[in-house]
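Below: one structure, written as structure tokens.
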Amino acid sequence: SGTCCTGVDGMRKFISFIVLGILLLILFFVSVNLGGLRMSPLELLRGLFIEYDENVAIIWDLRFPRIIIALLAGASMAVSGTLFQAVMKNPLADPGIIGVSSGASFTAMLVAMLFPALYFLSPVFAFLGGIAAFILIYSLSWSANLNPLRLILVGIAVNAVFTGLIEAISYMTGGTQSGVASIVNANITMKTWDDVRILAVYTVIGLIAACFVTVPCNMLLLEDKTVRNLGVNVTRLRITVSVVAVLLASITTAVA
């Protein structure tokens, strides 16, 4: 009976992935046709792989980067949120709630405002900002060990602090889209293939790293005492998983 239930659950998951994959592909072609230029999937494929088409070239340069960035950013934030949920044993946990995203945004804003020449390194600085927020949260939460509830409560407080600082900078710069505060507004317009390459490199690294911590994450569903009895350092495991989650969330925050 148990084996049968496991087989049914596996089949449900497989079918779910197939259905979601098909829906994502449909959404991709719908997004390609959102605008003045419209073409069928066949025309798009012909223009991409067989013969040059000016309309396809325009779509390739303007729409494809934004679509791919949306896909990569969505994947990164989804995996990052899932990892944080495993670390904190709470389905509501995500990079935004616990302050990692706001820490990354705040650092990226400072770099854009104080060192404009380093703007293209903003993903790196955003990652450092996310790590700084992560260290702050964990150091304030530490009391003999890392308690998931304390992590969430401290994270909410840290998020409020960084959000207040971001709003203060936005106010000082006039709060317009032309100011440095525009970096924290989710926006994929005016993105180019350069942005895609930057996000793709870090996303691939982060997702590969996430694959290696998947099995350990399942252990975090157990009681900490049980995991320790299995010979696993729970605190070290939580920190390792969190670093991967911070990488995915911070880079996405900087680019998208």
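Here is a yes/no grid of residues against (1) within 20 Å of GLY129 (Cα to Cα); (2) modelled with pLDDT of 85 or more; (3) out of contact with any Ser or Thr (no Cβ under 9 Å at 6 or more places or on another chain); (4) surrounded by 12 or more Cβ atoms within 10 Å (Cβ to Cβ):
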position	(1), (2), (3), (4)
LEU151	yes, no, no, yes
LEU165	yes, yes, no, yes
THR176	no, no, no, no
SER182	yes, no, no, yes
ASN185	yes, no, yes, no
ILE188	no, no, yes, yes
GLY206	yes, yes, no, yes
PRO216	no, no, no, yes
LEU222	no, no, yes, yes
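Just checking, does region 81-99 include any residue being at pLDDT 85 or above and farther than 30 Å from GLU223 by Cβ? No, every residue in region 81-99 fails to be at pLDDT 85 or above and farther than 30 Å from GLU223 by Cβ. At least 2 residues being within 24 Å of ILE198 (Cα to Cα), of a type in the set (Gly, Ala, Ser) and open to solvent by less than 40 Å² (accessible area, probe 1.4 Å) is the threshold, and among the helices (runs of 4 or more DSSP H) wholly inside region 9-126 those reaching it are 54-88, 100-114. Within region 127-149, restricting attention to residues that are of a type in the set (S, T, N, Q) and not in a helix (DSSP H, G or I), the residue that is surrounded by the most Cβ atoms within 10 Å (Cβ to Cβ) is ASN147.
The values are calculated or read from the model by the stated rules, or taken from the named source; none is laboratory data. The structure presented is a predicted model; accordingly, all values stated were derived computationally and were not measured. Neighbour counts are summed over all protein chains in view; Cβ atoms, including those assigned to glycine, are modelled from backbone coordinates with ideal geometry. Quick note on the areas: whole protein, heavy atoms, side chains included, nothing else; ligands and nucleic acids left out. Shrake-Rupley method; radii C 1.70, N 1.55, O 1.52, S 1.80 Å.
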